[in-house]
Amino acid sequence: MTFYFTGIRSFPKLWKSNPYLGLGPGHAYLSLLLKDCYGIRNYKWFSLKPMSPQNTKAMNLLIAKARYVRKRDEGSNKQVSADSPHLFAAGAAKKRSEMNPQSKDYFRPPVRNIVQLPTKPLNSEEWNKLKEDFKGKTNFENWILSQMVKYHSSIDVAKSVLAWVAANNNGVIGYDLLVKYLYLCVFHKETAEIIDVYEIMKARYKRLESGGYTLLIRGLIHTDRWREALLLLEDLKKVIIPSKMNYNDCIQGALLHQDVNVAWKLHQELLGHDIVPMLETLKAFFDFGKGIKDDEYSNKLQDILLYLRNNQLYPGESFAHSIKTWFESIPGEQWKGQFTTIQQSGQCLGCGKTVESIHLSSEEYEFLKERIMRDVIDGGDQYRKTTPQLLDVVSQLAKQNLKVLVLGRKHMLMQNSRWRKDDMEKVQKQASYFFADNISEDDPFLLYATLHSGNHCKFITKDLMRDHKACLPDAKTQRLFFKWQQGHQLAIISRHPGSRITFQHILSYDTVVQTTGDSWHIPYDEDLVERYSYEVPTKWLCLHRKT
């Protein structure tokens, strides 16, 4: 890997001073690093212990419903259908990948179903015929219901499968089939069917696997028996920490049924487990609070906004609209919101105020420097690659009277096809340099040199430092690291042999939720923009209160 550093204030022991450039005062500095490179959830399964024989009443009701629907449909012909963006700007990586595709997408013909999914309920003879035609190696009953789940088939068709299975199995339907059917019931919000399946499972099994609990919780919150979802959450907590989705569903159910105290209690419990809430959970609190004059509730909502800030989370577009609507609906307060952007200078185009600077305070800078030393450099963070292109960059920076440090490995000084000796000699004439042993990891050198050279030091690299950020132990340090990175990392946006190199500007403002008391500025994700985790939104919600 090769590093270029400019902005170095005092770092005498790291490299040999080059008399051509010198280390005297009065020079601007910069640091550079060039590199080559610019699901299914795992559930914990619980034991399924039969508690009692099949819930005959509920199962018979289920089968009877299926037969009724099948007869109804058999007598009817009606069928059921089945610019150059900033380096850290949202969508920039997506645009770069479209402009510079790394691999081709080869055409793959679609895999056809072995049998065609029916669009109406079938009788036993028809299901038997489909099973005979099935050429797959898996269990037909599980396969057909899995396909129905995948394509969100109607409840009536799925119910006819269960009736056929029960008729051939002494009225017993296996757990896997019940869960698949439950998924369809929840998807279609068939509350009566959800309760039927719930009664069957409650009678047959002492405990379920987490997927079964999740489906039942999500289904029950929309019924008048929603509080039983809270009991299922308690059962789940006996074995594992429930997921953010489990908490989201219970909170949504509590708010849906106007029990706001339970909702806030669950929210605090969620945070107590160090689980980051789903954004739709937080949105639900703002939607519920519309038009409510309650100082305690308002303070809790503002705490949510500060939580977004401290964890560098960004609401989606719909969530941003909910925030705007809530502020503007507060009785007795005159809040006005607008969707806008921030100028390169940091001035909001909506209200004219300047948002927070991207530059760290001296206290933040010293804190970050100490953590980088402890957790990244001393902690053995190890990385990685090398590039032979650097001469044009060094030359242009030297012409700008910038002090440059080049970090590399000793193998770069050897004559070979990748590293031309005359190029390396030119680099050494225009820059200070340090060549580590070939086995050394060079990313830590970049961080060490840049941070110890002062808050004014900049660096250039295509690497986005995600691995190093992941080594940091807590959200605060990671946020400071990303803030420092955005304020110090340059990117080359155009480079042609023999022509001037163009660098993108560095952000002057911080992209986080922020407030002055009478104003809020909230960056948010646009619906149609694909933002990678290391990118920041470019759209803002500006809120200010008329005084």
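The values are calculated or read from the model by the stated rules, or taken from the named source; none is laboratory data. Computed from a predicted structure; not experimentally measured. With ideal geometry, Cβ positions are generated from the backbone for all residues, glycine too; neighbour counts draw on all protein chains shown. For accessibility, only protein heavy atoms count, side chains too; no ligands or nucleic acids. Shrake-Rupley method; radii C 1.70, N 1.55, O 1.52, S 1.80 Å.
Structural remarks
- Qualifying residue in the stretch 138-158 (condition: farther than 26 Å from residue 188 by Cα and at pLDDT below 90): yes
- Every condition in (1) closer than 28 Å to residue 120 by Cα; (2) open to solvent by 30 Å² or more (accessible area, probe 1.4 Å) holds for residue 186 except the one numbered (2).
- Selection of first residues in the stretch 190-205 that are among the aliphatic types (A, V, I, L, M) and of second residues that are open to solvent by less than 20 Å² (accessible area, probe 1.4 Å) and outside any helix (DSSP H, G or I), restricted to Cβ pairs under 9 Å at least 6 apart or on distinct chains, gives the following pairs, ordered by first then second residue: 192/223; 194/223; 195/223; 200/173; 201/208.
- Residue in the stretch 219-229 that is touching a Gly at 6+ places or on another chain (Cβ under 8 Å) and open to solvent by 40 Å² or more (accessible area, probe 1.4 Å) present: yes
- For the stretch 131-153, a residue qualifies if it is over 17 Å from residue 174 (Cα atoms), open to solvent by less than 40 Å² (accessible area, probe 1.4 Å) and in contact with a Phe, Trp or Tyr (Cβ under 8 Å, 6 or more places away or on another chain), and the qualifying residues are 134, 136.
- In the stretch 232-255, residue nearest to residue 283 (Cα to Cα) [restricted to those that are acidic (Asp, Glu) and open to solvent by 10 Å² or more (accessible area, probe 1.4 Å)]: 234
Conditions (1) touching an Asp or Glu at 6+ places or on another chain (Cβ under 7 Å); (2) at pLDDT below 75; (3) open to solvent by 10 Å² or more (accessible area, probe 1.4 Å), marked per residue:
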position: 450; (1), (2), (3): no, no, no
position: 489; (1), (2), (3): no, no, no
position: 510; (1), (2), (3): yes, no, no
position: 515; (1), (2), (3): no, no, yes
position: 530; (1), (2), (3): no, no, yes
